[in-house]
Amino acid sequence: MSYQDHIRQVGALIESKGGPWSGISAEAVARMRLQNRFQTGLDIARYTAAIMRRDMAAYDADPSQYTQSLGCWHGFIGQQKMIAVKKHFGTTKGRYLYLSGWMIAALRSEFGPLPDQSMHEKTSVPALIEELYTFLRQADARELGGLYRQIDAAREAGDEVTEQKLLDQVDTYQTHVVPIIADIDAGFGNAEATYLLAKKMIEAGACALQIENQVSDEKQCGHQDGKVTVPHEDFLAKVRACRYAFLELGVEDGIIVTRTDSLGAGLTKQIAVSNEPGDLGDQYNSFLDCEEISADQLANGDVVINRGGKLLRPKRLPSNLFQFRAGTGEDRCVLDSITSLQNGADLLWIETEKPHVEQIAGMMDRIRAVVPNAKLVYNNSPSFNWTLNFRQQVFDAWSAEGRDMSNYDRARLMSVDYDGTDLADEADERIRTFQADGARRAGIFHHLITLPTYHTAALSTDNLAREYFGRQGMLGYVLNVQRQEIRQGIACVKHQNMSGSDIGDDHKEYFAGEAALKAGGIHNTMNQFGEAA
């Protein structure tokens, strides 16, 4: 419905109510409706799920159409990312937000900073989703409010051409509301707990849930040691729980991202149930580190498996966990991924120990041989030392080509001494093209950085503290923060406007007319910034 259609519809409603509603402005109501396009989180989930489905189809047709996101730990951070995307690129197409369980644990738990082990309150996950969308919707309200003010100014000046252009901008307005891929960890419990949490996350607006195949009570960050996986049937029960939650809530296009940590996970807590040779449980158990024994070698408390008439004793650790054979990680990742896609998953996530296109592609080639349209979500993780990894990749490639590498020490390639060298420049170019290369070669539909603003907040705060508390004093803030905001057109330089002050003034005028006491008058110090932002 267009801006003018809203005005006509509301005008007819007001007229039908007669005198008691005569103080209501149809245009003001139309404006408020358009500033609050999404009434519920489910509205958002359905809208954004459709976006992701279209983007997935576009990627299938053209791998250059991959998507990206950055991790968030606060609504304001997510809002500013999307404002920046619209400012620099004119559209939010192909850009999402990622909700990182790591950042919730580290920054949003009432217990204080926690490791990424699912110890934080699971209610904080849907709460952050709701917060992110509250801030994104406020960004819409603020930007549309600016257009409304320009419309009023054009009318006052009698400039009908400008007024019509602005009305067209309102009718074609692109929202800041984008898909959020939300981390549900390992489900925070059994399948029923997963289902209940998934419902809360979807009701808050999540259209895509990312769930991993680790055990809930021993869950570890994907880039740390000690990861323990579960048999496929246990994991698939949680995948189905997420699908049931989507379908119950009417989000039929909801997306499930299944993550396998098997590449770095050498342990399992359970031996899978197997009813016949070659079934899924038998395949899972086939990777266990076992020794063949005879019946008279059985010791008290031994757990054994009968496979093909042979008695096998899996290696059990003092922790009561069972160990997989070394070198089976990639095979297990491939099996995990194919199994997930054949049982309801939409996208895959393979957690790796380094960002290497060919390593990822090697697994995806095997997966796509079975499921041709398999697509990956890949973590461009800050846990990787990107500079060192890619310098070493270039070193190895050049060495294989027979180049003279005597000027380089592979173990010291992180050193500043190598900055600006041909090797460093080539490594940086490979980092620059990593996402495009991975999308084309390795089936990566979505690239994300899990923890970017955790690191940018730390870096910028360190720089400000060094300057402000040091010799620069207030100039440390003005030179490196405020002046840069003005020069770069960062809207937050007008922080009162960003926090909703002008929206509040508009509402005061709607509600009280000429009697409204507004904050944005001539004495508001935000006027000192003029149109700089």
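Quick note: the coordinates plus some simple rules give every number you see, no bench work behind them. The structure presented is a predicted model; accordingly, all values stated were derived computationally and were not measured. Here the Cβ positions follow ideal geometry from the backbone for every residue, glycine too, while neighbour counts run over all protein chains shown.
Tabulated data for the structure shown
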| quantity | calculated |
| --- | --- |
| Label-point gap, in nm, between residue 68 and residue 487 - each point 7 angstrom along Cα→Cβ | 2.3 nm |
| Cβ-based net charge around residue 375, under 14 Å, with every Lys or Arg adding one and every Asp or Glu removing one | +1 |
| Fewest-first ranking of 405, 56, using other Cβ atoms within 10 Å as the exposure measure | 405, 56 |
| Quarter of the Cα convex hull surface for segment 280-364, i.e. its orientation-mean projected area (nm²) | 7.6 nm² |
| Amide H contacts of residue 324 (H built 1.01 Å from N, under 5 Å, at least 5 apart or other chain) | 267, 268, 289 |
| Neighbour-count order for 21, 73, 398, fewest beta carbons within 10 angstrom listed first | 21, 398, 73 |
| Proximal charge balance of residue 509 [Cβ under 14 Å; K/R count +1, D/E count -1] | -2 |
| Sequence-distant residues sharing a close amide H with residue 311 (under 5 Å, placed H) | 293 |
| J(HN,Hα) series, segment 251-256, from Karplus relation 6.51 cos²θ - 1.76 cosθ + 1.60, nearest Hz, glycine and proline x | 9, 6, 8, x, 10, 10 |
| Quotient of Cα Rg and 2.2 N^0.38 Å for segment 185-275, N being how many residues it contains | 1.10 |
| Within the chain, percent of DSSP bridges classed antiparallel, to nearest 5 | 25 percent |
| Pair residue 17, residue 399: separation of 7 Å Cα→Cβ label points (nm) | 7.6 nm |
| Hydrodynamic radius (Kirkwood) for segment 64-116, which is based on Cα pairs only, to one decimal in Å | 12.3 Å |
| Calculated FRET value between residue 437 and residue 61, using beta carbons and R₀ = 22 Å, to 0.05 | 0.70 |
| Nearest-0.05 FRET efficiency for residue 33 and residue 414, computed from C-beta distance (R0 51 Å) | 0.40 |
| Measure of compaction for segment 77-190 (Cα Rg per 2.2 N^0.38 Å) | 1.45 |
| Helix axis angle, 26-35 relative to the chain longest principal axis, alpha carbon, degrees | 20 degrees |
| Cβ-based net charge around residue 12, under 14 Å, with every Lys or Arg adding one and every Asp or Glu removing one | -1 |
| Dimensionless Rg over Rh [segment 472-513; C-alpha; Kirkwood] | 1.25 |
| Positive-pole candidate from 322, 204, 474, dipole of the chain, charges at beta carbon | 474 |
| Options (i) 72, 59, 43; (ii) 96, 64, 46; (iii) 82, 67, 49 - which one matches Cα extents along the principal axes in Å as calculated here | (ii) |
| 5 Å-binned pair-distance histogram of segment 390-495 (Cα, whole percent) | 2, 10, 12, 12, 12, 14, 14, 11, 8, 5, 1, 0 |
| Percentage relative contact order, the chain, counting C-alpha pairs under 8 Å, at least six apart | 14 percent |
| Percent of Cα-Cα distances greater than 16 Å, calculated over segment 1-58 | 58 percent |
| Footprinting exposure proxy for 387, 172 (fewest neighbouring C-beta atoms within 10 Å first) | 172, 387 |
| More than 25 Å apart - percent of Cα-Cα pairs taken over segment 1-105 | 44 percent |
| Cα pair distances exceeding 19 angstrom across segment 224-380, given as percent | 59 percent |
| Student exercise, the chain dipole from Lys, Arg, Asp, Glu Cβ charges, in Debye to nearest 20 | 520 debye |
| Separation in nanometres of the label points that stand 7 Å from Cα toward Cβ, at residue 496 and residue 9 | 3.6 nm |
| Sequence ranges 3-9, 154-160, ranked by mean other-Cβ count within 10 angstrom, highest first | 3-9, 154-160 |
